[in-house]
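Colleague: Quick one: the structure is below, and I'll ask about it shortly.
The values are calculated or read from the model by the stated rules, or taken from the named source; none is laboratory data. Please read these numbers as outputs of a predicted model, since none were measured by experiment. In this analysis, Cβ positions are derived from the backbone assuming ideal geometry, glycine residues included, and neighbour counts consider all displayed protein chains.
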């Protein structure tokens, strides 16, 4: 006989899980609730109910311009991260690259390094050799912090590919690039998508690297939100945050629908 | 179609010698099975033949041309992997068309050749499925069809049936035999299963520790094993240590460890001294009438295992344990047997 878990423990478990869920979701709930406020000020609980801050955000040239800037930076960073990270992930996971462990550690170091340190380093390098802060500097900075994610996700999928599949393709006359293009890459698809999605989000969301590397006049969305919070906090900040959350959820649903991101194992 | 000649192939992995001077000639259209326990080098030899491993020494010839340094993609060898190595992201038809695509076969031929290959392995109508939608047996057939579709010169099969359950395995064995009768393709098969090797192969190359222990037809290996290892690996056999005395006739005297005197047929090499006597389990009879037999030893009966078509009976002569396969019809009488007996020509000195 399996003895039942004592009632006390079950209640305790439910309490802990509920606390964790609340802790994780509460900030989101606060932000979303505040965004519908009719008040002038960023306060919780919200006073009144209105969509005025959404109208405000969507008709504000500052917000739209910053969103546009963040978006195209994120698109370029994502493209570069996938282009560079995919072959790196495959190579590290599947082939005996000499010193693979060291390469892995090097590629993944931005994951553990404090972003502030990275920001300072990048700023010094760019100031000395590449003409100081610029869009280009931000893109390179984002690439450094996004690349590990793509390498990780692609590598995780690439490890699972049947090694014999490549050998079989080889015996069927496939040259190295044909094996890579037709056999290995398609099987890494879920890893590439997941990595690309993470890269886009991280770049779009980053404030620290951009803060170090932006030239005057460059305004990304996270930087704008920071600035607003500091100097004129109003519920438009909450509205734009809510829009970002909604957009992220939509992207996840779309990826799930079209590519079955949840079926990573397949 | 092609003849294959391997001469003096060696391959080391670090300090381990995987192949140690292997030579083997395979005739055009012949099926040779590389048989042996795991780690004997049989798969390495197959991979060397495919070009997936570079041998450290020796040469490989196909149709009289040395191909030792030819890249695997240019060898025109079809290989079926133990894992099948199907491409999971492609449909069955796309899997089959892949070799045609890579070899730049004109597109208009693809559909008909894929259809033909599916027919060959009796999978008509499965072209649109994906590998994960197929059973193990069906995947195995797709892998076979894919290895065959581009008309390779040599077909290599790495443990082709080991991932199937027992019933399916037997069915696929029959299908492989029928398919081969149709194609007459030079084939090398790797297996650790002696029954598979015996039922499929024209010749068996028995391997051990990176060397070929014995090559011959299944009948030769079974009936005239050259070494104790061969006798023991191919079909279970009793190996009795004997002390052999030479004379001028064809019948020699021998002594078992317990001192019992028996007679044996003189070995081909006519060498006396410490030898071994190979006794197949099914060649032994339990009897209570020893006078009728060339050789008979008094015994005590031991444990018996019921095997359906026969009973595997353990008997003891002094300290010597001997295993006898008794046909099920004869087992009732065997329970009061006093002797184990055999015909002299069924016992072989090695």
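Colleague: Out of all the residues in segment B:317-333, which are surrounded by 15 or more Cβ atoms within 10 Å (Cβ to Cβ) and under 16 Å from residue B:238 (Cβ atoms)?
Modeller: If the condition is that a residue be surrounded by 15 or more Cβ atoms within 10 Å (Cβ to Cβ) and under 16 Å from residue B:238 (Cβ atoms), then B:317, B:320, B:322, B:323, B:324, B:325, B:326 are the ones that fit.
Colleague: In the same structural domain as residue A:189 (by TED's automatic domain parsing), out of contact with any strand residue (DSSP E or B) (no Cβ under 8 Å at 6 or more places or on another chain) and not in a helix (DSSP H, G or I): is that true of residue A:47 in this structure?
Modeller: Against the criterion (in the same structural domain as residue A:189 (by TED's automatic domain parsing), out of contact with any strand residue (DSSP E or B) (no Cβ under 8 Å at 6 or more places or on another chain) and not in a helix (DSSP H, G or I)), residue A:47 does not qualify.
Colleague: Still on this structure: Please work out if residue B:156 is in contact with a strand residue (DSSP E or B) (Cβ under 6 Å, 6 or more places away or on another chain), outside any loop (DSSP other than H, G, I, E, B) and more than 8 Å from chain A (Cβ to nearest Cβ).
Modeller: Judged against the criteria, residue B:156 is a match.
Colleague: A further question on this structure: Given (1) buried (at least 22 other Cβ atoms within 10 Å of the Cβ); (2) on the phi > 0 side of the Ramachandran plot, where does residue A:217 come up short, assuming only one miss?
Modeller: (1)
Matching residues to (1) at pLDDT below 85; (2) in a helix (DSSP H, G or I); (3) under 30 Å from residue A:161 (Cα atoms):
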{"site": "A:71", "(1), (2), (3)": "no, yes, no"}
{"site": "A:78", "(1), (2), (3)": "no, yes, yes"}
{"site": "A:87", "(1), (2), (3)": "no, yes, yes"}
{"site": "A:128", "(1), (2), (3)": "yes, yes, no"}
{"site": "A:141", "(1), (2), (3)": "no, yes, no"}
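Colleague: Something else about it: Can you find a residue that is surrounded by fewer than 21 Cβ atoms within 10 Å (Cβ to Cβ) and either closer than 30 Å to residue B:151 by Cα or within 14 Å of chain B (Cβ to nearest Cβ) (or both) anywhere in segment A:193-203?
Modeller: yes
Colleague: Quick check on residue B:207: is it surrounded by 17 or more Cβ atoms within 10 Å (Cβ to Cβ), under 10 Å from the mean Cα position of the chain (by Cα) and not in a strand (DSSP E or B)?
Modeller: no
Colleague: Does residue A:201 meet the test of being assigned to a helix (DSSP H, G or I) and closer than 30 Å to residue A:29 by Cα?
Modeller: Judged against the criteria, residue A:201 is a match.
Colleague: In the same structural domain as residue A:140 (by TED's automatic domain parsing) and at pLDDT below 90: does that describe residue A:180?
Modeller: no
Colleague: Considering only residues that are buried (at least 21 other Cβ atoms within 10 Å of the Cβ) and more than 12 Å from chain A (Cβ to nearest Cβ), which ones fall in segment B:76-120?
Modeller: B:92, B:114, B:117, B:118 - these are the residues of segment B:76-120 that are buried (at least 21 other Cβ atoms within 10 Å of the Cβ) and more than 12 Å from chain A (Cβ to nearest Cβ).
Colleague: Take residue A:171 and tell me if it is more than 18 Å from residue A:90 (Cβ to Cβ), surrounded by 21 or more Cβ atoms within 10 Å (Cβ to Cβ) and away from chain B (no Cβ under 14 Å).
Modeller: Criteria not met by residue A:171.
Colleague: Might you check whether a residue that is more than 14 Å from residue B:190 (Cα to Cα) and without any contact (Cβ under 8 Å) to a residue 60 or more places away in the chain occurs anywhere in segment B:29-50?
Modeller: no
Colleague: Of the conditions (1) assigned to a helix (DSSP H, G or I); (2) away from chain A (no Cβ under 11 Å), residue B:68 fails just one. Which one is it?
Modeller: (1)
Colleague: Tell me, yes or no, whether segment B:279-288 has at least one residue that is farther than 30 Å from residue B:207 by Cβ, in a loop (DSSP other than H, G, I, E, B) and out of contact with any strand residue (DSSP E or B) (no Cβ under 8 Å at 6 or more places or on another chain).
Modeller: No.
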